[in-house]
1. Return the residues of segment 199-209 that are farther than 18 Å from residue 158 by Cβ and surrounded by 17 or more Cβ atoms within 10 Å (Cβ to Cβ); say none if nothing qualifies.
2. Could you tell me whether any residue of segment 185-205 is in the same structural domain as residue 287 (by TED's automatic domain parsing), under 29 Å from residue 43 (Cα atoms), assigned to a loop (DSSP other than H, G, I, E, B) and more than 25 Å from the chain's Cα centre (by Cα)?
3. Any idea which of 245, 311 is modelled with pLDDT of 95 or more and closer than 24 Å to residue 14 by Cα?
4. Read through the list (1) without any contact (Cβ under 8 Å) to a residue 40 or more places away in the chain; (2) surrounded by 16 or more Cβ atoms within 10 Å (Cβ to Cβ); (3) under 23 Å from residue 147 (Cβ atoms), then give the number of the only condition that residue 225 fails.
5. Give the residues of segment 54-79 that are within 24 Å of residue 141 (Cβ to Cβ) and in contact with a strand residue (DSSP E or B) (Cβ under 7 Å, 6 or more places away or on another chain), sorted by residue number.
6. Test each condition in (1) over 21 Å from residue 260 (Cα atoms); (2) in contact with a helix residue (DSSP H, G or I) (Cβ under 6 Å, 6 or more places away or on another chain) for residue 121 and report the one that comes out false.
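The values are calculated or read from the model by the stated rules, or taken from the named source; none is laboratory data. No experiment lies behind these values; they were computed from the predicted model shown. Don't worry about glycine lacking a Cβ; one is built from the backbone with ideal geometry, like all the others, and counts go over all protein chains shown.
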C-alpha cells in the first residue's frame with residue numbers, strides 16, 4: 001500500500017498547535033508529513049526534532065503531497081495536492097475591509113473546508129451550493145483534540161499557589177484590542193496580588209504594547225509567548241479579552257469570559273465598556289453564575305460540540321475520502337490571478353505550473 005503524503009502549510013507560529021494533533025493521527029495511520037513555513041512570521045525553531053521540513057515550492061512539487069492542510073486564508077494553486085482549510089480560529093464576528101464576515105470569505109483556494117460546528121457548517125454549506133467547487137465536512141477543529149485532557153506537566157498550573165488565575169488575551173488590531181486601554185488596570189491588579197495573572201497576546205501585537213506588559217512582570221503576573229495556548233487556557237479560571245477568537249476556545253472549557261468593548265452583545269459573555277467595570281465583573285465571573293453558564297453551554301453546542309479528542313481523525317477521513325475519489329464531479333476552482341501573482345512574488349516562484 002502506497003503511503004499518502006500530507007503537507008502542513010503554515011505562516012504563523014500558532015499553526016503548529018493547530019496541525020500537530022492532525023500530524024499525530026496521520027503518522028499513526030502510516031502517512032508521511034512534511035512542513036512548509038511561509039514567510040518570516042513563523043519561527044522554524046518551533047519545529048520539533050522529528051518534524052521534517054520542505055524549503056521550496058519546487059521541493060513540494062517534487063514530493064507531490066496528496067493533500068495540503070492550511071490554517072490560513074490563502075494557499076498557492078501552484079503546489080500539488082488537495083487544498084484543505086482547517087481554519088486559524090473561530091468566527092469571532094470580525095468584519096474585513098469590505099464589511100463582510102471574514103471567517104466566511106471565500107477566496108477561491110480550497111477543495112475542502114473542515115468546519116468546527118453547526119454555526120460554521122451551515123454557512124459554508126450554503127456557500128458550497130453557490131460556488132460549487134469545494135466540499136464541506138463538519139469535523140471539529142484538530143487544535144482542540146488535546147483541550148479536554150489536562151497534561152500532568154502543565155507549566156502554568158502552580159499547585160502551591162491557591163489564588164484564582166486570570167488569563168488576559170488580546171487581539172492585535174488597534175481598533176479592537178483591549179491591551180492599550182487596560183494596561184494601567186492590569187498593572188494595578190498585579191500590584192494588589194489577589195489573583196495570579198497570565199498575559200498572552202496575538203503574535204502580531206505591536207512590540208510597544210508587548211514591552212509595556214513585559215515591564216510589569218512579577219510574582220503575580222507572567223507574560224507568555226508560546227506556540228501553544230492550550231496549557232494557558234487550562235490553567236486559568238477566568239479570561240479577560242476583547243474580540244479575539246481565543247475567547248471562544250476558552251468558553252469550550254465551560255469557563256467565563258469578561259470582554260472589553262465586545263460588539264456581539266452575546267449572552268455567553270460578560271461585556272464591559274469601561275475600565276472601572278472590569279475588576280468587579282471579573283469577581284462576578286469567578287462565581288460562575290448559573291444563567292451565564294447555561295448560555296455558555298448552549299453556545300458551545302453550536303460552536304464545537306465535539307469533546308472526544310477525535311476531530312483530527314474526522315479531518316483526515318474527510319480528506320482521504322476526496323483523495324480516493326479523483327473522478328468526483330466538481331467545478332474547477334477559479335484561477336485567482338491577482339492573489340496567485342502576489343503569492344508567486346512573495347515566494348519567488350515564477351514557473352508556470354498550476355496545480356489548482
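1. Matches in segment 199-209: 201, 202, 205, 209.
2. Scanning segment 185-205, I find no residue that is in the same structural domain as residue 287 (by TED's automatic domain parsing), under 29 Å from residue 43 (Cα atoms), assigned to a loop (DSSP other than H, G, I, E, B) and more than 25 Å from the chain's Cα centre (by Cα), so the answer is no.
3. 311
4. Going through the list (1) without any contact (Cβ under 8 Å) to a residue 40 or more places away in the chain; (2) surrounded by 16 or more Cβ atoms within 10 Å (Cβ to Cβ); (3) under 23 Å from residue 147 (Cβ atoms), residue 225 breaks only (2).
5. 65, 66, 67, 68, 69, 70, 71, 75, 79
6. (2)
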